[in-house]
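These notes concern the structure reproduced below.
The values are calculated or read from the model by the stated rules, or taken from the named source; none is laboratory data. Being a predicted model, the structure only gives us computed values, none of them experimental. Cβ: placed from backbone, ideal geometry, glycine included. Neighbour counts: every protein chain shown.
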Amino acid sequence: MTPEKAFAGTAGTWSLGDLTVNRIGFGAMRLTGSAAFHRGVARDRDQAIGVLRRAVELGVDHIDTAAFYFSRLRSANELINSALAPYPDDLVIATKVGPARDASGGWTTPARPDQLRGQVEENLRQLGRDHLDVVNLRIMGQDSISDHFGALAELREAGLVRHLGISGAGPAHLDQARAIAPVVCVQNRYGIDSRADTELLHACAAHGIAFVPFFSLAGEGREAGAVHAEREPVLAVARAHGVSAARVRLAWVLGQGEHVLAIPGTGDLDHLVDNLSAGSLRLTQEDLETLEALAPVTR
């Protein structure tokens, strides 16, 4: 492995089924705009493609995307295809299905179980692949996911999908899914500001399942990005180490367990390098106590 390739591996690795990935990956949502989906200003296409290529050069081998990540001018899947195909053998692309949007960007009724094959095939078409490495079922408020996850398990048996995960889940959803097919990852909102899913974090550790937080950097900004003023305790820890607040946030997330994978997204090359550097930041016990004392944002 070249020194550049080892860059993203400073936090170590974890397995998604039979696929081993570096614990710091890349989230593609923000490549479609500066805010959530169709509401943001589209990134320069060449810049977005350059960020994706540089990420892989620096050792990123796990990219998170979805067919519903698109804005007026940009599609995350199209950017990934244009930047990286033919894909490196070790690159794992994880997608999501469940939510649905119309051509104008508006959200429509979430997919029924019988519609999930169409969403999987759309991801396949956009990415130019004959199978998807990981497909996460994005749970849209339903109590039972058995029918939806069962439909995805059938696609896994048919060879269209290699591994399955769930997103926006609770402990009961994880139990339901595991009763149907192996679950390799759970994607939920989690970070210094939002720790409501600690029970699920520990459940994933107990079962050897990757826990993949989203919005770890955005905090209160969520889909809109880190638009809030950074909280002073985070800034204090950052100053003590001479690093960015973003790097502190990611290092804290990675410190929650060896099974935790980070997928920060950015359209900026400098931010990309900074994010990938989080694996080498070692927070002290005093740092952790300072950060743990922060009251989580509940909204």
Going by what's in this entry, would LEU201 be described as of a type outside the set (Val, Ile, Thr), surrounded by 22 or more Cβ atoms within 10 Å (Cβ to Cβ) and in contact (Cβ under 8 Å) with a residue 40 or more places away in the chain? no
Taking helices (runs of 4 or more DSSP H) that fall entirely within the range 228-299, which contain at least 2 residues that are closer than 17 Å to LEU201 by Cβ and at pLDDT 95 or above? 245-254
Within the set of pairs 6+ apart or on separate chains, which have a first residue in the range 167-180 that is surrounded by fewer than 14 Cβ atoms within 10 Å (Cβ to Cβ) and at pLDDT 95 or above, a second that is of a type in the set (Ser, Thr, Tyr) and not in a loop (DSSP other than H, G, I, E, B), and C-beta atoms under 9 Å apart? ALA179/SER146
Of the residues GLN187, GLN142, which single one is polar (S, T, N, Q) and either assigned to a helix (DSSP H, G or I) or in contact with a helix residue (DSSP H, G or I) (Cβ under 8 Å, 6 or more places away or on another chain) (or both)? GLN142
Filtered residue count, the range 6-23, keeping only those that are assigned to a strand (DSSP E or B) and of a type in the set (A, V, I, L, M): 3
Go through the residues of the range 93-106 one by one and say whether even a single one is crowded, with 17+ Cβ neighbours inside 10 Å, over 19 Å from the mean Cα position of the chain (by Cα) and assigned to a loop (DSSP other than H, G, I, E, B). no
Looking at the range 12-23, can you tell me whether even one residue there is more than 30 Å from GLY150 (Cβ to Cβ), at pLDDT 95 or above and surrounded by fewer than 17 Cβ atoms within 10 Å (Cβ to Cβ)? yes
If you take the residues of the range 107-118 that are touching a strand residue (DSSP E or B) at 6+ places or on another chain (Cβ under 9 Å) and part of a loop (DSSP other than H, G, I, E, B), which of them is surrounded by the fewest Cβ atoms within 10 Å (Cβ to Cβ)? THR109
Filtered residue count, the range 57-82, keeping only those that are in a helix (DSSP H, G or I) and surrounded by 22 or more Cβ atoms within 10 Å (Cβ to Cβ): 4
Please give the number of the condition ASP89 fails out of (1) under 22 Å from LEU276 (Cα atoms); (2) of a type in the set (D, E, K, R); (3) not in a loop (DSSP other than H, G, I, E, B). (3)
Of those in the range 151-168 that are outside any strand (DSSP E or B) and out of contact with any helix residue (DSSP H, G or I) (no Cβ under 7 Å at 6 or more places or on another chain), the residue nearest to PRO110 (Cα to Cα) is GLY168
For the range 119-139, which residues satisfy the criterion of being over 17 Å from ASN81 (Cβ atoms) and either assigned to a loop (DSSP other than H, G, I, E, B) or of a type in the set (Phe, Trp, Tyr) (or both)? ILE139
Name the residue, out of SER194, SER167, that is of a type in the set (S, T, N, Q) and touching a strand residue (DSSP E or B) at 6+ places or on another chain (Cβ under 8 Å). SER167
